[in-house]
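The values are calculated or read from the model by the stated rules, or taken from the named source; none is laboratory data. None of these values were measured; they are calculated from a predicted model. Cβ placement follows ideal geometry from the backbone for every residue including glycine, while neighbour counts extend to all protein chains displayed. For the accessible areas, the whole protein counts, side chains as well, though only heavy atoms, and no ligand, DNA or RNA atoms are used. Shrake-Rupley method; radii C 1.70, N 1.55, O 1.52, S 1.80 Å.
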Amino acid sequence: MEVFDYEDIQLIPNKCIIKSRRDADTSIKFGPRTFKIPVVPANMETVINDDLAIWLAENDYFYIMHRFQPEKREGFIEMMHAKGLYASISVGIKDDEYKFIDDLVAHDHKPEYITIDVAHGHSDFVIQMIHYIKEKLPDSFLIAGNLGTPEAVREIENAGADATKIGIGPGKACITKLKTGFGTGGWQLAALRLCSKAARKPLIADGGIRFNGDIAKSVRFGASMVMIGSLLAGHEESPGSVISIDGKKYKQYWGSASEKQKGAYRNVEGRQMLVPYRGKLSDTLFEMQQDLQSSISYAGGKELKDIRTVDYVIVKNSILNGD
C-alpha cells in the first residue's frame, strides 16, 4: 500500500488555460447548497459558535455546529431558520439523541444538514442512527464519521449516509495514535485516497491540514469538502479569549476528545494547546480562496474538479526537512 501524508506530496502542474487566477471557480456543490470554497471549520467548541455560524451561512460558507451544548441545538435550528439561513448540526449516538430527533420532527425543526459526529464511525450504533435519521428526517443531508478505511465508507454509505467524513486522529490536537496505536495520523492523505476509490458519495477530509496547499491536495485525492481545525482557530471571531504571552497573542484550542472537552480524564485522545492569534477569519478564508484559485491555475483547469486530474510525486517530508 502506497502510504504518504500532506507534506510528502507535491502536485505536478499542467498547462495554464486561464488568463487570470481570478477567473478560476473555487465553488463546490455539497448537498443541497453551493459554497464559495470546499472548506468547513471543524465542529469543535473552540472553532465554531452561533455568531460564526450565522456569518458563515450569510456569506455562503459551509459550517457544522458542534454537539457539545445539546440542549441548545433545537433553538439553534429555529434561530437560523428565522434568519432565512440554513441549519447544520451535529449529533452523537447516545440514547438521548433518538428523542432529540423525535423532537425535531414533532416541532418541524428540520435542519438541512446533520452530521453524526463519532470518533470511530464504523460502528453498528452509527448505522442504527443513520437508519433512524433517514427514516425520520429523509430530506436532511446526512454526514457520518469519522472513518478511515474503504470498507467503512462502503458500509456507512450503504446504510444511507449522504456523505462521509474521513480521518481518525490526524488533527493537531489529536493524540489518538499515541494513546491507542490506531488511526490515520501520519498517512491521512493516503487514507483519503484509498477511501475515495471506494466512495460513491462526497467525502469530507477531516484533519491534518497545516497549509493552504493541503486543501488542493485533499481535493486531488477525492475530497469534496475539507474540515479544518487549528488553521481556523485563533481568529478574532473564534470562541475563547485572547491570551498574551511575552507580547504574543494566542487563543486556546482543544480536541473534542480532550480532558478539557470531556470535563474528566476519561478515554482521553485529545489535548489542549494554544494557537497563534490570526486576526479576522474573513481574511483567512479569502486567502484560502485565492490560493485555491492559484491551485486551479497550476492544474491547467478552470474549476475545482480540474485539480483531480493532475499527477503527483512523493517527496518524503520535503517541507519538514527544509528542502
Checklist entry - On the given criteria, is Y253 surrounded by fewer than 17 Cβ atoms within 10 Å (Cβ to Cβ) and modelled with pLDDT under 85? => result no
Checklist entry - In this structure, does I54 turn out to be of a type in the set (A, V, I, L, M) and either surrounded by fewer than 22 Cβ atoms within 10 Å (Cβ to Cβ) or at pLDDT below 95 (or both)? => result yes
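Kindly indicate the residue of the stretch 161-191 that is aliphatic (A, V, I, L, M) and over 27 Å from H131 (Cβ atoms) and also surrounded by the fewest Cβ atoms within 10 Å (Cβ to Cβ) among those meeting that condition. Break it down stepwise before answering.
Within the stretch 161-191, the subset aliphatic (A, V, I, L, M) is 161, 163, 166, 168, 173, 175, 178, 189-191.
Keeping just the survivors that are over 27 Å from H131 (Cβ atoms) gives 173, 175, 178, 189-190.
Details: A173: 26, I175: 18, L178: 12, L189: 26, A190: 19.
Selected residue: L178.
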Item to check | Inter-residue pairs, beta-carbon under 6 Å, first closer than 12 Å to D117 by Cβ and in the stretch 75-94, second hydroxyl-bearing (S, T, Y), 6+ apart | outcome: S88/Y63; S88/Y113; S90/T115
Next on the checklist: Please go through (1) in contact with a strand residue (DSSP E or B) (Cβ under 7 Å, 6 or more places away or on another chain); (2) open to solvent by 30 Å² or more (accessible area, probe 1.4 Å); (3) within 20 Å of T46 (Cβ to Cβ); (4) of a type outside the set (S, T, N, Q) for K72 and return the number of the only condition it doesn't satisfy.
Outcome noted: (1)
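Of R33, R22, which residue is out of contact with any Pro (no Cβ under 6 Å at 6 or more places or on another chain), exposed (fewer than 15 other Cβ atoms within 10 Å of the Cβ) and farther than 25 Å from E97 by Cα?
On the way: R33 fails: exposed (fewer than 15 other Cβ atoms within 10 Å of the Cβ).
The conditions single out R22.
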Checklist entry - Of (1) in contact (Cβ under 8 Å) with a residue 24 or more places away in the chain; (2) within 15 Å of L147 (Cβ to Cβ), F182 satisfies all except one. Which? => result (1)
Next on the checklist: Can you tell me which residue is modelled with the highest pLDDT among those in the stretch 118-140 that are under 19 Å from the mean Cα position of the chain (by Cα), within 17 Å of D162 (Cα to Cα) and open to solvent by 20 Å² or more (accessible area, probe 1.4 Å)?
Outcome noted: H122
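Condition check ((1) of a type in the set (S, T, Y); (2) open to solvent by 40 Å² or more (accessible area, probe 1.4 Å); (3) modelled with pLDDT under 85) across all residues:
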position: E237; (1), (2), (3): no, yes, no
position: S258; (1), (2), (3): yes, no, yes
position: L274; (1), (2), (3): no, yes, yes
position: L281; (1), (2), (3): no, no, no
position: Y298; (1), (2), (3): yes, yes, no
position: D306; (1), (2), (3): no, no, no
position: I314; (1), (2), (3): no, yes, no
Checklist entry - Here is a list of conditions, (1) of a type in the set (A, V, I, L, M, F, W, C); (2) within 24 Å of P170 (Cβ to Cβ); (3) surrounded by fewer than 21 Cβ atoms within 10 Å (Cβ to Cβ), and V105 meets all of them except one; can you say which number that is? => result (2)
Checklist entry - Taking only pairs six or more apart or across chains, which ones have beta-carbon atoms under 8 Å, a first residue in the stretch 98-114 that is farther than 16 Å from E71 by Cα, and a second residue that is among the basic types (K, R) and not in a helix (DSSP H, G or I)? => result E112/R33
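Regarding A216, is this residue assigned to a helix (DSSP H, G or I) and either out of contact with any strand residue (DSSP E or B) (no Cβ under 6 Å at 6 or more places or on another chain) or open to solvent by less than 20 Å² (accessible area, probe 1.4 Å) (or both)?
Numbers: assigned to a helix (DSSP H, G or I): yes; either out of contact with any strand residue (DSSP E or B) (no Cβ under 6 Å at 6 or more places or on another chain) or open to solvent by less than 20 Å² (accessible area, probe 1.4 Å) (or both): yes.
So A216 fits the description; yes.
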Checklist entry - Out of the stretch 42-51, which residues are in contact with a helix residue (DSSP H, G or I) (Cβ under 7 Å, 6 or more places away or on another chain), open to solvent by 10 Å² or more (accessible area, probe 1.4 Å) and modelled with pLDDT under 95? => result E45
